[in-house]
1. Does the range 120-130 contain any residue that is closer than 17 Å to Thr14 by Cβ, part of a strand (DSSP E or B) and either touching a Ser or Thr at 6+ places or on another chain (Cβ under 7 Å) or not aromatic (Phe, Trp, Tyr) (or both)?
2. I'd like to check something: does the range 32-51 contain any residue that is under 21 Å from the mean Cα position of the chain (by Cα), modelled with pLDDT of 95 or more and hydroxyl-bearing (Ser, Thr, Tyr)?
3. Among the candidates Leu49, Leu45, Leu17, single out the residue that is among the aliphatic types (A, V, I, L, M) and within 14 Å of Glu138 (Cβ to Cβ).
4. Testing Thr137 on (1) farther than 27 Å from Glu53 by Cα; (2) surrounded by 13 or more Cβ atoms within 10 Å (Cβ to Cβ); (3) modelled with pLDDT of 95 or more, one condition comes back false. Which one is that?
5. Condition test on Lys47, is it in a helix (DSSP H, G or I) and basic (Lys, Arg)?
Amino acid sequence: MKVSEDKFVTIDYTLKLTNGELVETSEGGAPFGFVFGRSQIIPGLEKGLKGLEEGETATIKVTPEEGYGERREELLQGIPRNYFPQDADLRPGAAFQTMGPQGPVTFTIHEVQEDTVIADFNHPLAGETLLFDIKVTEVRDATPEELQAALGACSTESCGTCGGGCC
């Protein structure tokens, strides 16, 4: 069975950057499962998986445009230092979470100034070309419950990550 719309797909994967840096792997854990064609994975990975069959392996290169987007300077924002707890570890690269209009939002610290912390609301992989080494471990028809859960994760409103609707 081929990877196609509304199939439940599981993959083993290793994600690296073009400089060879390991970002994430499913090795030693459970394969990653999703309903294909329901925007549950980044577009470039979905495009690269289409038509593969159970047991096949591939290296899929995903450009920023089909991954997490380009870095956007307007997503660097100053936050008064006194908004952070007194004992907060304020250093570049440290991750924090705040509440946005649509729920929790994660950011990393870009720079610490005397009275201001420059927060980076870009996705950590924005601007990066991604290399996925994958093995398709399962392809089957999605159950009605899996299809419903995939629809539940879908929204016609933008989440702010990609700038567009999620469906």
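1. yes
2. No, the conditions are met nowhere in the range 32-51.
3. Numbers: Leu45 fails: within 14 Å of Glu138 (Cβ to Cβ); Leu17 fails: within 14 Å of Glu138 (Cβ to Cβ).
The match here is Leu49.
4. So the condition that Thr137 fails would be (1).
5. Details: in a helix (DSSP H, G or I): yes; basic (Lys, Arg): yes.
Yes.
Okay, residues lined up against (1) of a type in the set (Phe, Trp, Tyr); (2) loosely packed, with under 11 Cβ neighbours inside 10 Å; (3) touching a residue at least 24 places away in the same chain (Cβ under 8 Å); (4) not assigned by TED's automatic domain parsing to the domain that holds Val136:
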site	(1), (2), (3), (4)
Ile11	no, no, yes, no
Val23	no, no, yes, no
Phe32	yes, no, no, no
Glu54	no, no, yes, no
Ala58	no, no, yes, no
Pro80	no, yes, yes, yes
Phe84	yes, no, yes, yes
Asp87	no, yes, no, yes
Gly93	no, yes, no, yes
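The values are calculated or read from the model by the stated rules, or taken from the named source; none is laboratory data. Computed from a predicted model, the values in this text were never measured in an experiment. Here the Cβ is made from the backbone with ideal geometry for all residues, glycine too, and neighbour counts use every protein chain on show.
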